[in-house]
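Let me begin by presenting the structure, written as structure tokens, before commenting on it.
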Amino acid sequence: MTRLLVDAHQDLAWNMLTFGRDYTRSAAETRRREAGSLAVQVNGDTLLGYPDYLRGSVALVFATLFAAPARAKSGEWDRQVYADSDRARQLYSNQLEAYNRLVERASDKFNLVRTARDLEAVLSAWRGPDEGKAKLPVGLVPLMEGGDGLRNLDELSGWWERGVHLIGPAWMATKFCGGTREPGPLTQEGHALLDAMAGMGFTLDLSHMDWAAAREALGIYEGPIIASHSNALRQVKDGEGNRFLPDDVIEGIVEHEGVIGVVPFNRFLVQTWTISDRREACSLEMVAAQIDYICQKAGNAQHAGFGSDFDGGFGLQQVPPEIDTIADLHKLVPLLAARGYNEADINAVFGGNWINHLRKSLPAT
Ligand SMILES: [Zn+2]
């Protein structure tokens, strides 16, 4: 049986709406079309596309809704930024609409996964009798990255109805909590958000939350908890800063039966790496070490997965040299096997753990 791969973090809509990227095309085709363009200059060559998902047996992708606050604007090209909550809501909503249009236009290639029933439909296609022959849709699981898409808590139910069941309250700091490069605890609004999210059954994504906020959340949140795209601080060479997970937060996520998606991004493997360094300074072995670190902390292989963040501010030029597209993550199989992981462990890390999480946490219908 095919080893399915699940990726818990890709900013597809942000790329679709910023650069006009069309993920029904292969990564190679997109690279040809974009050669010399601004998209490549500011976000690198794409690592993603439907034919590559197919080659890599990528059955599910957590597809983000993401916009940045205006203070993080990177240039004139960077248009999906917000200065106020009305604009934020509009941008997040536009991205969900972009996914709706994609699955309408290319229903043979992409389906939205809003419920456990949608999930099983996608999985049964990949595991069905026509495996390898039938049209295999990649399931897109919407994930809100950055809580400023919510103007107020009354809007939570609207997002739930539209199929968004996972929320990461932070990117940089938001009105709910401290975030990357902007530390701070949960605010009063953040506490109210977590209460409301838990009451409805939302998954809380701790990635980008400052440690103070993440620690508070681990103490009080009664719903499911994950880190969709975060590496372990102590396994990042020269790693420092709150974008990485300290050991106690990893242990807390494990206690909550959550899953952590590791990120094969060079600067999240060797923090001092820059784009002028050789890609060879990083390696897939370092990604295997990240996975192993989380599994060793947990004492089993049930809490690690992938959250590649591919195309989320970096591309081909900034990942280990073994990776040309997402399909190359399968090159980790022998590296994990060499570390003593058996077939069941490897399948769990590649997709089983995220699938279990979604089975437990998505609404039935
Ligand atoms: Zn992110």
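The table for this structure:
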{"read-out": "At 1.306 mPa s and 10 °C, Stokes diffusion of segment 220-260 via Kirkwood alpha-carbon radius, µm² per second", "value": "148"}
{"read-out": "Table column - 3J(HN,Hα) (Hz), segment 95-110, Karplus curve with 6.51, -1.76, 1.60, x for Gly and Pro", "value": "5, 5, 4, 4, 5, 4, 5, 4, 6, 6, 6, 10, 5, 7, 10, 9"}
{"read-out": "Hydrodynamic radius (Kirkwood) for the chain, which is based on Cα pairs only, to one decimal in Å", "value": "20.2"}
{"read-out": "Segment 227-320 shape via C-alpha gyration tensor axes, a/c threshold 1.5", "value": "prolate"}
{"read-out": "Sparse-neighbourhood loop sites, GluC sites (Glu not before Pro) in segment 85-179 - DSSP loop, at most 14 other Cβ within 10 angstrom", "value": "Glu131"}
{"read-out": "Evaluated at q = 0.09, 0.15, 0.20 Å⁻¹: base-10 log I(q)/I(0), Debye formula over Cα of segment 141-291", "value": "-0.28, -0.74, -1.17"}
{"read-out": "Prolate/oblate/rounded label for segment 1-138 (Cα gyration tensor, a/c 1.5)", "value": "oblate"}
{"read-out": "Spatially near lysine pairs across the chain, Cα under 20 Å, sequence gap of 8 or more or different chains", "value": "4"}
{"read-out": "The chain: antiparallel DSSP beta bridges as a percent of all, rounded to 5", "value": "5"}
{"read-out": "Per-residue Cβ neighbour rank within 10 angstrom, fewest leading, Thr365, Thr2, Thr18", "value": "Thr365, Thr2, Thr18"}
{"read-out": "Burial ordering of Cys295, Cys177, fewest other beta-carbon atoms within 10 Å first", "value": "Cys295, Cys177"}
{"read-out": "Between segment 309-363 and segment 222-292, the alpha-carbon center distance in angstrom", "value": "13"}
{"read-out": "Potential lengthening between Ala28 and Asp195 on full extension [0.36 nm per residue; Cα-Cα distance subtracted]", "value": "55.7 nm"}
{"read-out": "Taking Ser308, Ser85, Ser107 and counting other C-beta atoms within 10 Å, the order from fewest to most", "value": "Ser107, Ser85, Ser308"}
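Computed from the coordinates by the stated procedures, all read-outs in this text should not be read as laboratory data. Here the structure is a predicted model, which means the values were calculated and not measured. Virtual Cβ from ideal backbone geometry, glycine too; neighbours counted across all protein chains shown.
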